[in-house]
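Visitor: Below you will find the structure I want to go over with you.
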Amino acid sequence: MSKKVIVIAGTTGVGKSQLSIQLAKKFNGEIINSDSMQVYKDIPIITNKHPISEREGIPHHVMSHVDWSEEYYSHRFESECIKAIEDIHKRGKIPIVVGGTHYYLQTLFNKKVETRFSERELTQEQLEILQSNDPDIVYSTLVECDPDIANKYHPNDYRRVQRMLEIYYKTGKKPSETFSEQKISLKYDTLFLWLYSRPEPLFQRLDDRVDVMLERGALQEIEQLHEYYKQNNFTPEQCENGVWQVIGFKEFLPWLTREPNDTTVNLADCIERMKTRTRQYAKRQVKWIKKMLIPDIKGDIYLLDATDLSQWDVTASQRAIAISDDFVNNLPVKQERAPEALGELLSEGETTMKKLDDWTHFTCNICRNADGKNLVAIGEKYWNIHLRSRRHKSNLKRGARNADFEKWKVHKKEPAE
């Protein structure tokens, strides 16, 4: 465990790239990208690649090397990431893994189910289910095969649900049983840093960043993607995979494909959708860190406060350097795991894996998600949060008003005695 790795986790737009450069300069490091969109060639603006002019000569690995025609899978990232780590170690440097696809951090754990060399061949029916691109079919099938593992995923988390079903088909064993038998350990001596900003200022920064991206040429990159999309006869359904998942393309597709005289779709709406989806993505990233990453590492993570950028040097940069200095020199880290203002994020209730009973799925018959399906909350805690939310209460009132209106219409049609 003498080979060291530093990981910087955090939401989009929180400053991970900036911090990684500062740490790389201080500790003779090189950066490994772990963002699933930044692996693709070109389109640096909408994928938020750190500008080359601001990298200060620090090498970046696993970035800008995948063609748009390819779909990038986690097993390929694992191979490329481990190869980069070993290469950086051989040259006496420290790998710094940075990116927003926190699922990729599973690469650093001895936690894996190998299916590539399985002797079980998939049946035609199994292949059709896995390749159906229908989240409902794939999820319902996983529920039948392994309800325990299915309960740990949202029905819309298509790719991970698909992967669990594939494991079941290829190994003949329930993934829940396989994972429960594994003792999770790290491949390297790893320091985990969590760069965090409270939601309100972060969301404003994310909105502002979208505006800046558009000023810098994001729309031209989106149009460039659209030309490739048209030339290769892609369809909207295919935008769930590969480079088409980048935030910005699907949001602008209605505007790019509108008829010349269509006034129902306007650019401002597309921009607002891009901002909304970026904020939603940031929320999901925080949930993943809290509910999946932190339990895996048993809370062994250090929180950095990026809420107030005017205090960046003290609350983020200097604190990260102090923590990393102790880590690199094999000394006990003297810094607290979290600043007092953010201590609740690392409370026991937030950093331990939820019990199986807490993976219960609750379906709201009043509220719907972006796909028009009934909203699903996982765990009683989040179900209660939803029930208390402004959105749910508003929909309840709207439903009551509609019910009253329907009763009134029925009453009006009844003949007077």
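The values are calculated or read from the model by the stated rules, or taken from the named source; none is laboratory data. Source: prediction; values computed, not measured. Note: ideal-geometry Cβ built from the backbone for every residue, glycine included; neighbour counts use all protein chains shown.
Visitor: Only one of these is loosely packed, with under 13 Cβ neighbours inside 10 Å and within 19 Å of S2 (Cβ to Cβ): G92, G29. Name it.
Guide: Criteria check complete, one pass: G92.
Visitor: What are the pairs with Cβ atoms under 7 angstrom where one residue, in region 391-405, is closer than 10 Å to I366 by Cβ and the other, located anywhere, is part of a helix (DSSP H, G or I)? Sequence gap at least six, or different chains.
Guide: From region 391-405, the pairs are H392/H386.
Visitor: Provide a single number: the residues in region 308-337 that are within 14 Å of G15 (Cβ to Cβ) and either touching a Phe, Trp or Tyr at 6+ places or on another chain (Cβ under 6 Å) or of a type in the set (D, E) (or both).
Guide: Counting residues in region 308-337 that are within 14 Å of G15 (Cβ to Cβ) and either touching a Phe, Trp or Tyr at 6+ places or on another chain (Cβ under 6 Å) or of a type in the set (D, E) (or both) gives 2.
Visitor: Continuing with this model, one more query. Report whether or not I45 is among the aliphatic types (A, V, I, L, M) and either over 19 Å from the mean Cα position of the chain (by Cα) or not in a loop (DSSP other than H, G, I, E, B) (or both).
Guide: no
Visitor: How many residues does region 132-149 hold that are at pLDDT below 90 and buried (at least 17 other Cβ atoms within 10 Å of the Cβ)?
Guide: Total meeting the criteria: 2.
Visitor: Answer yes or no as to whether K152 is in a loop (DSSP other than H, G, I, E, B) and either surrounded by fewer than 14 Cβ atoms within 10 Å (Cβ to Cβ) or among the acidic types (D, E) (or both).
Guide: no
Visitor: Just for region 182-201: of the residues that are in a strand (DSSP E or B) and among the hydroxyl-bearing types (S, T, Y), which one is nearest to F27 (Cα to Cα)?
Guide: Per the criteria, the residue is T190.
Visitor: What tally of residues in region 80-125 results from selecting those that are aliphatic (A, V, I, L, M), under 18 Å from I58 (Cβ atoms) and either in a helix (DSSP H, G or I) or modelled with pLDDT under 90 (or both)?
Guide: First, pick out the residues of region 80-125 that are aliphatic (A, V, I, L, M): 82, 84-85, 88, 94, 96-98, 105, 108, 113, 122.
Those still in the list that are under 18 Å from I58 (Cβ atoms) too: 84-85, 88, 94, 96-98.
After this cut, where a residue has to be either in a helix (DSSP H, G or I) or modelled with pLDDT under 90 (or both) as well, the list is 84-85, 88.
Number satisfying all stated conditions: 3.
Visitor: Determine, yes or no, whether L165 is surrounded by 17 or more Cβ atoms within 10 Å (Cβ to Cβ), out of contact with any Asp or Glu (no Cβ under 6 Å at 6 or more places or on another chain) and of a type outside the set (F, W, Y).
Guide: So L165 fits the description; yes.
Visitor: Under 7 Å between Cβ atoms, which residue pairs at least 6 apart in sequence (or on different chains) link something in region 282-307 that is on the phi > 0 side of the Ramachandran plot with a partner that is part of a helix (DSSP H, G or I)?
Guide: Short answer, once both residue conditions are applied: G299/L346; G299/T351.
Visitor: Right, here's the next one. Can you name the condition, by its number, that E128 falls short on among (1) without any contact (Cβ under 8 Å) to a residue 40 or more places away in the chain; (2) within 24 Å of the chain's Cα centre (by Cα)?
Guide: For E128, the exception is condition (2).
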